[in-house]
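Enquirer: Mind having a look at this structure? Questions to follow.
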Amino acid sequence: MKRVYSYEGDPKVVFAQLQTVLDSLEYEVDYKIIESRTLVTKQRKVRKDVRRYDYSLVIEVTDWIEVTVTGGKYVYKRDSETAIAGKSMTEFHAVDRFPYSLQVKIFEPLEEEFGNYGWVKKSS
């Protein structure tokens, strides 16, 4: 999942402001690549019904701000696939799309904070 936001000003300043935005939303930065103005957050866990999803944000500042959500979901295995001797009952599956309600939960707070800085979502 990817969203692109436009901004005006110096990319270096926007990159610094972006770190402030992530701190205010309680994201922990895992990787900070200054040369390419890229931030990667630590994984967050979120639940939807009985399913658990893990995701992290990859944000790159170029001529625009590009926010990519990467992650996956945990899927319960069938009984025949699990062994009694301590094997996990779930396995992780990478996904390229999350349910819409989770997308809203991820992007809505970001867009609200981005709006405070005048960063606007580009229409597709």
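The values are calculated or read from the model by the stated rules, or taken from the named source; none is laboratory data. Not measured: the values here are computed from a predicted model. Heads up, the Cβs are rebuilt from the backbone with ideal geometry, glycines too, and the neighbour counts pull from every protein chain shown.
Enquirer: So if I check each of Tyr31, Tyr53, which one is among the aromatic types (Phe, Trp, Tyr), loosely packed, with under 13 Cβ neighbours inside 10 Å, modelled with pLDDT of 85 or more and assigned to a strand (DSSP E or B)?
Expert: Criteria check complete, one pass: Tyr31.
Enquirer: Could I ask something else about it? For region 20-34, how many residues are of a type outside the set (D, E, K, R), more than 19 Å from Lys105 (Cα to Cα) and over 14 Å from the mean Cα position of the chain (by Cα)?
Expert: Residues that pass the stated criteria total 3.
Enquirer: Within the set of pairs 6 or more residues apart or between chains, which connect a residue that is at pLDDT 90 or above inside region 99-113 to a residue that is part of a helix (DSSP H, G or I) with Cβ atoms less than 8 Å apart?
Expert: Taking only residues 6 or more apart or on different chains, the pairs are Leu110/Val21; Glu113/Val21; Glu113/Ser24.
Enquirer: Sticking with this structure for a sec: Take the conditions at pLDDT below 85 and either surrounded by 11 or more Cβ atoms within 10 Å (Cβ to Cβ) or within 23 Å of Ile59 (Cα to Cα) (or both) and apply them to Asp96. Does it pass? Walk me through how you get there before you give the answer.
Expert: On the way: at pLDDT below 85: yes; either surrounded by 11 or more Cβ atoms within 10 Å (Cβ to Cβ) or within 23 Å of Ile59 (Cα to Cα) (or both): yes.
Here the answer is yes, as Asp96 does meet what is asked.
Enquirer: Sticking with this one: Counting only residues that are of a type outside the set (Val, Ile, Thr) and not in a strand (DSSP E or B), which one in region 34-50 is surrounded by the most Cβ atoms within 10 Å (Cβ to Cβ)?
Expert: Checked region 34-50; the qualifying residue surrounded by the most Cβ atoms within 10 Å (Cβ to Cβ) is Arg37.
Enquirer: If you take the residues in region 12-28 that are buried (at least 16 other Cβ atoms within 10 Å of the Cβ) and among the β-branched types (Val, Ile, Thr), which one is farthest from Glu91 (Cα to Cα)?
Expert: Taking the candidates together, the pick is Val14.
Enquirer: Checking Ser88 against (1) in a helix (DSSP H, G or I); (2) modelled with pLDDT under 85, which single condition isn't satisfied?
Expert: (1)
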